[in-house]
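The structure appears below as structure tokens.
The values are calculated or read from the model by the stated rules, or taken from the named source; none is laboratory data. Computed from a prediction, not measured in an experiment: that's the story for all the values here. Here the Cβ positions follow ideal geometry from the backbone for every residue, glycine too, while neighbour counts run over all protein chains shown.
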Amino acid sequence: MMIVGDSISHGSSGDWTWRYRLFKHLKQHGIALDFVGPRNDLDAIETPEIGDGDATYADPDFDPDHNAQWGRPYCLEMGEIAQKVAAHRPAYMLVLLGINDLFWYGHSPDQNEANLRAFISNARTGNQEVKIILGTLLDTHKASVDPEFNARVSEFNRRLILTACDMTTERSPIVIAATHAEFVASAHTWDGTHPNGDGELRIAAAFADTLAGQFGVGAAYPRPFPKVAELRPV
């Protein structure tokens, strides 16, 4: 599996990451799992560089390989995903991107959809049979105080779902993980955007539910969610 994402998936110093939560869940259900990708680090957010080779995971006992980078948007990843998929050959690609396209790049809905479609097409250039799970954009503090931004998030998610339906194929199915459904920024982030431990669980659970329900991989994540220890000040 290749996790493709931005800072929400990359994580920063001291995080477990939702990648860890998903790995542990799938291993508990007997899945022979290999996370793949060009990185295995966290981001050291106190430095200006991206990544820095930071390996200070809260628990390093998992496969940390990934394809996530702080600040990453679809509009840049679409130009690199073919080479990464060809190099790492994931059977499944779990994608959680898009918030930076809205926040930092300010593209129109039409441009965002075009970039998403290019991303999917280019990923298939790397592997014509890759199975793709697209996560929906999460709630953020900005969306709660900025109605215009909230509307753009909703429109992005609407087009994400429609594009998945339109571009899915028998060889390379595309399905949606409703990562937004149980995620509330005020409770599940440490800064209004990035997930705390409780948020990590909810992201991992959405992907786990989709893997189990759509592909028969593993099992749905159990509810109610446990309360996890929090390493960051909140």
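The single residue among Asp54, Asp63, Asp59 that is surrounded by fewer than 21 Cβ atoms within 10 Å (Cβ to Cβ), of a type in the set (D, E, K, R) and at pLDDT below 95 turns out to be Asp54. Can Pro195 be described as closer than 13 Å to Ile120 by Cα and surrounded by 16 or more Cβ atoms within 10 Å (Cβ to Cβ)? The answer is no for Pro195.
Quickly run through segment 159-188 and pick out the residues that are without any contact (Cβ under 8 Å) to a residue 24 or more places away in the chain, under 28 Å from Ser108 (Cβ atoms) and assigned to a helix (DSSP H, G or I). Result: Leu162, Cys165, Asp166. Within segment 142-149, can one find any residue that is surrounded by 16 or more Cβ atoms within 10 Å (Cβ to Cβ) and β-branched (Val, Ile, Thr)? Within segment 142-149, not a single residue is surrounded by 16 or more Cβ atoms within 10 Å (Cβ to Cβ) and β-branched (Val, Ile, Thr). The listed residues are Glu113, Glu148, and the only one of them that is within 29 Å of Ala212 (Cα to Cα), of a type in the set (Asp, Glu) and assigned to a helix (DSSP H, G or I) turns out to be Glu113. Taking each residue of segment 91-103 that is modelled with pLDDT of 95 or more and looking for partners that are hydroxyl-bearing (Ser, Thr, Tyr) and not in a loop (DSSP other than H, G, I, E, B) with beta-carbon atoms closer than 8 Å, six or more apart or interchain, yields Leu96/Ser9; Leu97/Tyr74; Gly98/Tyr74; Asp101/Tyr74. None of Asp139, Asp191, Asp198 is assigned to a helix (DSSP H, G or I), at negative phi and among the acidic types (Asp, Glu) except Asp198. Of the residues making up segment 78-91, not a single one is touching a Lys or Arg at 6+ places or on another chain (Cβ under 6 Å), surrounded by fewer than 21 Cβ atoms within 10 Å (Cβ to Cβ) and not in a loop (DSSP other than H, G, I, E, B).
Taking the criterion of being over 27 Å from Gln128 (Cβ atoms) and outside any strand (DSSP E or B), would at least one residue in segment 211-219 satisfy it? The answer is yes, given that some residue of segment 211-219 is over 27 Å from Gln128 (Cβ atoms) and outside any strand (DSSP E or B).
Within this structure, Ala164 fails the test of being over 17 Å from the mean Cα position of the chain (by Cα) and surrounded by fewer than 19 Cβ atoms within 10 Å (Cβ to Cβ).
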